[in-house]
Amino acid sequence: MLPYDRIINIDRDLKIPVYRQIAVSITNAIRNGVLKAGTHLPGSRELANFLDVHRKTVIAAYEELNAQDWIVVTPRKHVAVSEHIPVLKPRNWSNLVPPKAYRNNFSLPFRIVEKNGLVSNITSASDIVIDDGHPDTRLSPIDNLLKNYRMLTTRKHAIKDAHIGTAQGTLKLREELVAYLSETRGLSITSENLLITHGAQMSIYLSSQLLLHNSTTMIIGKPNYPIANSAFKETGSKIIEVNVDDNGIDVNAIENICKKKKIDAVYVIPHHHYPTTVTLSVERRMKLLELSNEFSFTIIEDDYDYDYHYSSSPYLPLASAGHNGNVIYIGSFSKLLDPAIRIGFMVAPKNFIIQCTALRNAIDVGGDGYMQNALAMMIKEGELKRHIKKAKKIYHDRRDILDSLLKEKLDQYITYSLPTGGMAIWVKLLSQYPISELAVMTGLKIKQINIEQNAFRFGFASMDEMELKNAVEQLAYQFRKAHLLI
């Protein structure tokens, strides 16, 4: 018998299952010619005794090798290395030898996609990262979400449910969202009014592709969410910027524009506007709805940051008020759980959702049904509400800690208004301290800055008290250095 203790290497300290280690070792031996085609391998009992493992472990390894066509199992007779080993050497079909072809630029015409305008400081290798407002994944109930996920993959009916209707989103999640959005946002909808997407950005993209083209005109805030801006510009639509002040987007300016030209859509972030963190006032909300009805334009309401309010309760969405079905409401769970968990939703009239689903299906046949149903379970069991309640208190404390630190350490260099909610503070630098120079600094990494506004978003939610102190101390150090050079 061949020395299988030399051929098969098992390391019980590895996280790789033992049966997989056996299968990989045999595969390597076949590749290297140690085990020839047609060679008979030991029976499962014999090899198990030889390797001092359970027989079922060897059976699992042989099943893996058989499924990949490395071996042939003849029941009650023998196991042998396949006569047709699945290692195919590619054949050259061209006389041309282009080893460096992909180092050349693509020479044929193609469309250029404009960059989204976000500026990211990626030069620092520091552990101190100031994001633009992310949740703290250390607080997130991801363990429960994944527990639900694993459970769903083992139940026959759950497996079936996870593969039905994922283009629009699983029915379980949409039905749970109907109740959840009714209770938390006052939305009167059915499951047919919902589309589950890979985050809010997909909702923005789909709606803009259906609403806008090179003969339309839309209004956005200034400044505004750069990724949304990119989606709108990609349609070829004309974009008009309207200033955002302490009460949100200027609706009087929108009215003046509507009186002069046809406006097809207005994009608005009603709570904690990105990037300035301001909230749209009640008066402006009412007037914007009136203008939408009067001038027949669509409101794209991006309410990505609805759930975190500290000083008062949130305003109900524009979509919950009286409108003629011309409000598209967009939300996301990424800000609640983890930016890597890409689950968002769109609320709109049924006929619009049907077309968005069809467009989405052209590039993406659907989301992760197991993850969507796992989230539905969290909502149904009240776990999501409990998490929001807990996280809101912690984020509120962190906002106030950052407020104190900024006043103590950076008051002479910056200005800001404390937001009533959200996960970031919009920090403006005094003109003598250009953000473009301070953005690249040793020991600190600011993820997103706005050069035009000479400002950046200081995301506080993802940092605990010590991390906030370290980040502000590092900023203060850089400002002191810059101050000496002025």
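Just a few scattered comments:
- Amide hydrogen neighbours beyond the local backbone of L187, cut-off 5 Å, H modeled: S182
- What the phi angles of the stretch 242-254 give under the Karplus curve with 6.51, -1.76 and 1.60, with θ = phi - 60°, is a coupling list of 10, 4, 10, 10, 5, 10, x, 5, 6, 6, 5, 5, 4 Hz, glycine and proline written as x.
- For the pair N470 and K380, the difference between a 0.36 nm per residue extended length and the Cα-Cα distance amounts to 28.5 nm.
- Residues with amide H under 5 Å from that of G344, placed H, sequence gap 5 or more: T197, H198, G199, F333
- Label-point separation in nm, L316 to L359, each point 7 Å along Cα→Cβ: 2.9
- Prolate/oblate/rounded label for the stretch 329-486 (Cα gyration tensor, a/c 1.5): prolate
- Approximate spin-label separation R103-Y477, in nm, with each point projected 7 Å along Cα-to-Cβ: 4.1
- Sum of -39500 (n - 2.57) over DSSP H runs of 4+, divided by residues of the chain (222 nm, nearest 500): -12000 deg cm²/dmol
- For L212, the shell of other residues with beta-carbons less than 11 Å away shows a net charge of 0, using +1 for Lys and Arg and -1 for Asp and Glu.
- On the principal axes of its alpha-carbon atoms, the stretch 323-418 has extents of 53, 32, 29 Å, going from largest to smallest.
- Remark: the stretch 177-189, residue by residue, has Karplus-estimated 3J(HN,Hα) of 5, 4, 5, 5, 6, 5, 6, 8, 10, x, 7, 9, 9 Hz, where x stands for each Gly or Pro and the curve is 6.51 cos²θ - 1.76 cosθ + 1.60 at θ = phi - 60°.
- Under 18 Å from the Cα of K390 - lysines, other chains or at least 8 residues apart: K335, K380
- For the chain, averaging the sequence separation of C-alpha pairs within contact (under 8 Å, six or more residues apart) and dividing by the residue count gives a relative contact order of 20 percent.
- Each of Y433, I379, L444 was placed along the dipole of the stretch 377-486 (beta-carbon charges, centred on the mean Cα), and the one lying farthest toward the positive end is I379.
- Estimated vicinal HN-Hα couplings, Hz - the stretch 15-25 in sequence order (Karplus 6.51, -1.76, 1.60; Gly, Pro = x): 7, 6, x, 4, 4, 5, 5, 5, 4, 5, 4
- Ranking of F460, F295 by solvent-accessible surface, largest first: F295, F460 (1.4 Å probe, protein heavy atoms only, all chains present).
- Within the stretch 134-217, the percentage of alpha carbon pairs spaced more than 16 angstrom apart rounds to 70%.
- For V242, the amide hydrogen comes within under 5 Å of the amide hydrogens of I220, G221, K222, counting only partners 5 or more places away or on other chains and with H modelled in the peptide plane.
- The accessible area of V129, taken with all protein chains in place and a 1.4 Å probe, comes to roughly 50 Å².
- Percent of beta bridges antiparallel (DSSP, the chain, rounded to nearest 5): 60
- Cross-link reach list, aspartates and glutamates versus K393, counting only Cα pairs under 19 Å and skipping chain neighbours closer than eight places: D136, D305, D307, D338, E383, D403, D464, E465, E467
The values are calculated or read from the model by the stated rules, or taken from the named source; none is laboratory data. Everything numeric here is computed off the predicted structure, so don't read it as measured data. Glycine also receives a Cβ, built like all others from the backbone with ideal geometry; neighbour counts cover every protein chain displayed. These area figures cover heavy atoms from the full protein model, side chains too; ligands, DNA and RNA do not enter into them. Shrake-Rupley method; radii C 1.70, N 1.55, O 1.52, S 1.80 Å.
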